[in-house]
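J.: The structure under discussion is supplied below as structure tokens; questions concerning it will follow.
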Amino acid sequence: MNSSTLLIGLILALIFIVPVMFLVRASSNAKKKYLKDLFNLAKNNNCSISEHDHWNNTVIGIDKDHRNLFYINKTTNNESTVTIDLSEVKQCQVVNKSKNTGKKANYTPVTERLGLIFNYLGKDKPDTWLDFYNSDYDSSVPDREFKLVEKWSDIVNNVTAGLIPGPKK
């Protein structure tokens, strides 16, 4: 093998490897920023995060001891920050809003929105919706979001049902 072939191969490898390294680094930095924002939100509410998840432009976390849920969703046009006191929640449900596509004989359901809806004990408080997937601003087809929404529904319902002990006295 001559040196010019080796040099061309090395240059081509760098052309592909360097951008991938930058993308991985940018993704890692974005995740760190989301988690920092989540932990700061909890800290500002005198709480600490005991469990969390991050996907796309969203992060969710919970302080099981103080029964608080924290959620941050950042889209290009909007940032949504939600804090939910789980002692006020009656139940949490998974909602999958989809539409049928294709010919009438074989409709294929396509998910438009996937999320959690929180129903409160007090009738005067409106339900809260947390997006896990929204086709308006999430570019990919939901995949991991289905598992995450089920996971967080179980966590919240276990906390609200008292299966996870509340505040320490």
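J.: Within the bounds of the stretch 134-150, is there any residue that is closer than 23 Å to residue 43 by Cα and at pLDDT 90 or above?
T.: Scanning the stretch 134-150 turns up no residue that is closer than 23 Å to residue 43 by Cα and at pLDDT 90 or above.
J.: Identify the single condition in (1) of a type outside the set (D, E, K, R); (2) within 24 Å of residue 65 (Cβ to Cβ); (3) surrounded by 12 or more Cβ atoms within 10 Å (Cβ to Cβ) that residue 129 does not satisfy, given that it satisfies every other one.
T.: Going through (1) of a type outside the set (D, E, K, R); (2) within 24 Å of residue 65 (Cβ to Cβ); (3) surrounded by 12 or more Cβ atoms within 10 Å (Cβ to Cβ) one by one, residue 129 breaks only (2).
J.: So which strands (runs of 3 or more DSSP E) stay within the stretch 83-146 end to end and still have 1 or more residues that are closer than 14 Å to residue 73 by Cβ and touching a Lys or Arg at 6+ places or on another chain (Cβ under 8 Å)?
T.: 108-120, 128-134
J.: For the stretch 50-77, what are the residues that are within 15 Å of the chain's Cα centre (by Cα), of a type outside the set (A, V, I, L, M, F, W, C) and closer than 19 Å to residue 134 by Cα?
T.: Residues satisfying the conditions are 53, 54, 56, 57, 58, 71, 73, 74, 75.
Listed here are the residues, each with its yes/no results for (1) at pLDDT 80 or above; (2) within 21 Å of residue 73 (Cβ to Cβ).
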site	(1), (2)
14	no, no
22	no, no
25	no, no
31	no, yes
34	yes, yes
47	yes, yes
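J.: Another question, if that's okay. Filter the stretch 72-82 for residues that are part of a strand (DSSP E or B) and surrounded by 15 or more Cβ atoms within 10 Å (Cβ to Cβ); which is modelled with the lowest pLDDT?
T.: Result: 74.
The values are calculated or read from the model by the stated rules, or taken from the named source; none is laboratory data. This one's a predicted model, so the numbers in the text were calculated from it and none came from an experiment. Methodologically, a virtual Cβ is constructed for each residue, glycine included, from the backbone with ideal geometry; neighbour enumeration extends over all protein chains shown.
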